[in-house]
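The structure appears right after this line, and notes come after that.
The values are calculated or read from the model by the stated rules, or taken from the named source; none is laboratory data. Just so you know, these numbers come straight off a predicted model, no measurement behind them. All accessible areas refer to the heavy atoms of the entire protein, side chains included, with ligands and DNA or RNA removed. Shrake-Rupley method; radii C 1.70, N 1.55, O 1.52, S 1.80 Å.
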Amino acid sequence: MTRVRRSGKLWLLSAVCAGLVVSLAYVPTEISGFVYARAQAAQGRSGDRKPITIDRAPQRVIKDQYPSFSAVAINAEENMLVVTDENLFQILEYDRRENTPPQARLTEPKRIISGPNTRAEMMCGVYIDPVTKEVYVLNNDTQNWLPVFPRDARGNATPSRYLAAPHGTFGIAVNEEKQEMFMTVQHQNSVVVYRKQASGDEKPLRTIAGSDTQLEDPHGIALDIKNRLIFVSNFGNAQVSPPGSRGGRRAADTYGKFELPSITVYPLDASGNVNPLCIIEGPQTRLN
């Protein structure tokens, strides 16, 4: 610890390794220049160093061995119950009629899909194709893919195909009549619609996004095919872009705002910055 006295005030500088960290409410020009010079010199010296690789097992491991289920899908005809586990990066299938006995520790899944080849990690949304029984999975955080797995996939399986989905996708619903796939995107406050068979870098058919949509950190999504409606649940983290602004999540004139949780409803073929047909929101709804 080095003490530097300037103008009757005591400043504390903490030297960390070769660099320098300063904990100050105010830094005079003389000290800030000194810190900058030291940092530059340390950076030059670090360029001459060679990395050291240490390859050894840990002495012990603390690990949560239990799954954290984040989404569920059911196919009643095949008695398939598929859940995603965002803690252990797993996709698990159970018999939907299973009932764990009181004395049993757990019910063993019929199959588990997990591993680096799956392109699936922090998963949330899941969908089962009613015809092929393929499993569609959404990544929400560490992977930007929507992998699709065949009926017999298990273990460290490679997807039959995968789509480069937007970062922060959460919920998924499919219109089987039109073969269209709907996904909510938290960080972009949007709903994106793709061909159901989309793969690779294919672009969405249309997007619902913008201040007028009142999409605010959207999560769940459901389709009413008969009445041609889209239902979206929102956490309430709004993104506000002033009129005439260029918008965008990282635009300088865009800011965040906390709103109440809500359910917003749109036409099934909605696109662009559209107003919702209706909104379910407020203290009487018990949405929280």
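Looking at the stretch 182-288, the accessible area is 56 square angstrom per residue; that uses a 1.4 Å probe and ignores ligands, DNA and RNA.
Using a probe of 1.4 Å, the accessible surface attributed to Y255 totals some 120 Å² when neighbouring protein chains are kept in position.
Among the protein heavy atoms, those of K63 account for about 150 Å² of accessible surface (1.4 Å probe, every chain in place). Split the accessible area of the stretch 138-288 by element, probe 1.4 Å, and carbon with sulfur accounts for 50%.
Bridges between two residues of the stretch 36-192, per DSSP, are antiparallel at a rate of about 95%. In a fully extended conformation the segment linking T158 and K257 would gain 31.6 nm over its present Cα-Cα distance, using 0.36 nm per residue.
Measuring between alpha carbons in the structure, the pairs from K133/K196; K133/K203; K110/K133; K110/K178; K110/K196 lying more than 20 angstrom apart are K133/K203; K110/K178; K110/K196.
Is the stretch 75-115 rounded, prolate or oblate when judged by the Cα gyration tensor, a ≥ b ≥ c being the square roots of its eigenvalues, rounded requiring a/c under 1.5 and prolate requiring a/b larger than b/c? Verdict is oblate for the stretch 75-115.
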